[in-house]
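Every number here is computed from the coordinates shown, using simple stated rules; none is lab data. Just so we're clear, the structure is a prediction, and the values are computed from it rather than from any experiment. Neighbour counts are summed over all protein chains in view; Cβ atoms, including those assigned to glycine, are modelled from backbone coordinates with ideal geometry.
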Protein chains: 2
Amino acid sequence: MNKSINLKNRPSGKPILEDFKFEDIETPEAAEGQLLLKTLYVSVDPYLRGRMRDEKSYIPPFKVGEPLESMVVAEVTESKNENFKKGDFVSGMLKWKKIQISDGKGLNKIDRNLAPLSAYLGVLGLTGITAYLGLEKIGKLKEGEHLLVSGAAGAVGSVVGQIGKIKSCKVTGIAGTDEKIETLKEKYGFDSGINYKKTGNIKSAIAEACALGVDVYFDNVGGEILDAAMASMNKYGRVINCGAISIYNAEEQPTGPRLETVLIKKSISMQGFTVRDYAEDFPDAIKQLAQWLKEGKLKYEETVVEGFEKIPQAFLDLFEGKNKGKMVVKVN
Amino acid sequence: MNKSINLKNRPSGKPILEDFKFEDIETPEAAEGQLLLKTLYVSVDPYLRGRMRDEKSYIPPFKVGEPLESMVVAEVTESKNENFKKGDFVSGMLKWKKIQISDGKGLNKIDRNLAPLSAYLGVLGLTGITAYLGLEKIGKLKEGEHLLVSGAAGAVGSVVGQIGKIKSCKVTGIAGTDEKIETLKEKYGFDSGINYKKTGNIKSAIAEACALGVDVYFDNVGGEILDAAMASMNKYGRVINCGAISIYNAEEQPTGPRLETVLIKKSISMQGFTVRDYAEDFPDAIKQLAQWLKEGKLKYEETVVEGFEKIPQAFLDLFEGKNKGKMVVKVN
């Protein structure tokens, strides 16, 4: 039986399981030009929270009563499209359905010999590409600089830090458990880590870890950690505003210290970064990331949850920091 | 008798006349390699408030008990330096003294035939250069875009708007009196103006004046006007954080709505801009500005206050918006 996961209602504050609804749906048939896809892996990501709101953003909001979607790795089980054949593996923005049809647009064929399929949702997928292009396009990271990254044990953050090390930078990561900090240092080679949940004063912890100041801050969390990082930014520092998970669930406009004075005093730039703006650079990014992966310079971690029915819970767990590295759901 | 104006104490909140002290000082004599300068025009600027604080910034703070300094136009009355001769006019960062010596470093010779001397403190000085390079280097203003500028009737703002028109953009200015708004439209050719003191809702006033959104916001004021502008920024919008006069006098860290979410959603960049960072581009900037001035494409306004003893009051008046265009003090 085919199934979909629909948005039942728009969450108020933190999403809950009751905001999702499983529905039995018909198994579609592929018409001429179409292909039938079997979902294998589903990516759950913090930014999806934004699409649950009814507001203008870089992608349209999810509709109540309709299936959600995210990056998915799927197998082509039938093809009436000349660009794909049965047995191909693809990744793309697809519905949360067990089986679905597609016209092939926006799908990328992926090579399971280069890396495991789930890696195409992480280190070779949008999260890895986000880390790479954020640093390239906005961070303009230079050898010897000090790179600070929040959400450092997450899918994006862990790649950000490793690229920092590949580029001979000092790298400090911020995360929320001692175990994660240990992983950053032992597995990913970060120079230092800050457990923000245990640090009495995050501002002085950053100042201490980055004694010569921060040149590039890759921000995945926003809020008070961003404020604290701003205090340590060097002249000409660059802030990549990639995510703001700490305030995604806020129902009222969150407030904080005004940043305009520090921006001016230190000629700092802050730039909102959405990887989709750089689609033309994806092939180069994947090529470079795959190369580093092959050379053993890039490690990654996944939290793999099994079962189609676990997708909503896996998404909710992101906001509790339960994942290490990329959170994916294995469906089949 | 020679005189200097010293910082008596660091202001708390808004500066007052009592924060300054006039002192009778000796008239210096030029040694070998030095020149004697007679102050003709003194520039007073909002950013000087920052230097009155005892904190790290892009230029060191003023010292209590010592003369303040700013951009000054002076006449060389005696020269023992081969690069200058008696009768030359120069501009540079000089002390608030009637007569002073200099070793010539950092002084620019200026041509009174190209423009009146005081213009070298304004449209051909740091303020004009700030407008030009802020738009070039950070705004990357393109034909047909909508440019919004705050402090629009000020020395920087009025040049910003005119450059916008020269570059075939739509230009909206924000200022604080109906008379200023009239000047923006009639004299400088702005498309529209907003009197923020009379507008009940600055956010909707901006949204109305910039119906297709704002592509570049040149911010001279910070605070709530910046917040309001952010709501109208277009995707890929650029904010030039040039000044924050609305919060310069705040004694406590001002707070406001967090901007990270809107930065991310619309791929907006905000960048602190300090014209001194681009010193190597000054000659080109002055050349272009002088060309536009000659062609009648660039108009400017000055508020000229007369008398060396009026310098502190002229500075204080900036925070009351009493100037139209560049505020300068004519000393001799």
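Here are a few things to note about the model shown:
- Distances between copies at B:K203, taken between label points 7 Å from Cα along the C-beta direction, are 2.7 nm in increasing order.
- When the trypsin sites (Lys or Arg not before Pro) in region A:252-332 are filtered for DSSP coil states and for at most 14 other beta-carbon atoms within 10 Å of their beta-carbon, the remaining sites are A:K297, A:K322.
- In loop segments of region B:72-145 as defined by DSSP, the GluC sites (Glu not before Pro) with at most 13 further C-beta atoms inside 10 Å of their C-beta are B:E82, B:E143.
- Summing +1 for each Lys or Arg and -1 for each Asp or Glu among the other residues whose beta-carbon sits under 15 angstrom from that of A:D54 gives +4.
- Per-peptide average of other Cβ atoms within 10 Å, ordering A:151-161, B:201-211 highest first: A:151-161, B:201-211
- Between B:F22 and B:K287, the simple label model (points 7 Å from Cα in the Cβ direction) yields a spacing of 4.4 nm.
- Around B:T177: net Lys/Arg minus Asp/Glu count, Cβ-Cβ under 12 Å: +1
- Peptide A:270-277 has a mean shielding of 6, counted as Cβ atoms of other protein chains within 10 Å of each residue's Cβ.
- Spin-label pair A:K85-B:I166: with each label point 7 Å from Cα along the Cα-Cβ axis, the two points sit 6.3 nm from one another.
- Within the protein assembly as shown, DSSP assigns beta bridges of which about 55% are antiparallel (rounded to the nearest 5).
- Every helix of 4 or more DSSP H residues in the protein assembly as shown counts as -39500 (n - 2.57), and over all residues that averages to -6500 deg cm²/dmol at 222 nm.
- Nearest-0.05 FRET efficiency for B:R53 and B:K197, computed from C-beta distance (R0 30 Å): 0.65
- Across the copies of the chain, A:T77 has label points (7 Å from Cα along Cα→Cβ) spaced 9.4 nm apart, shortest distance listed first.
- Take each residue of peptide A:234-243, count the partner chain Cβ atoms within 10 Å of its Cβ, and average: the result is 3.
- Loop sites in region B:203-277: chymotrypsin sites (Phe, Trp or Tyr not before Pro), DSSP, at most 14 other Cβ within 10 Å: none
- Taking Cα centre as origin and charging only the Cβ of basic (Lys, Arg, +1) and acidic (Asp, Glu, -1) residues, the dipole magnitude of the protein assembly as shown rounds to 380 debye.
- Take the Cα of A:K63, step 7 Å toward its Cβ, do the same at A:D103, and the gap between the two points is 1.6 nm.
- When +1 charges are put on Lys and Arg Cβ atoms and -1 charges on Asp and Glu Cβ atoms, the dipole computed for chain B relative to its Cα centre reaches about 560 debye.
- Of A:A229, A:A244, A:A74, the one that fluctuates the most in a GNM where chain A has Cα springs shorter than 10 Å: A:A244
- Inter-copy label distances at B:D24 (7 Å, Cα→Cβ; nm, one decimal): 10.3
- Spatial offset of region B:267-304 relative to region B:183-210 amounts to 23 Å, using the alpha carbon center of each.
- Electrostatic bookkeeping for A:V76 treats Lys and Arg as +1 and Asp and Glu as -1; over the other residues with beta carbon under 11 Å from its beta carbon, the sum is +2.
- Projecting the Cα atoms of A:I138, A:Q253, A:A155 onto the charge dipole of region A:126-276, computed from C-beta unit charges around the Cα centre, puts A:I138 farthest toward the positive end.
- Relative contact order %, region B:43-89, counting alpha carbon pairs below 8 Å whose residues are six or more apart: 26
- Size of charge dipole - region B:126-276 - debye, nearest 20, with Cβ of Lys, Arg +1 and Asp, Glu -1, no other charges: 440
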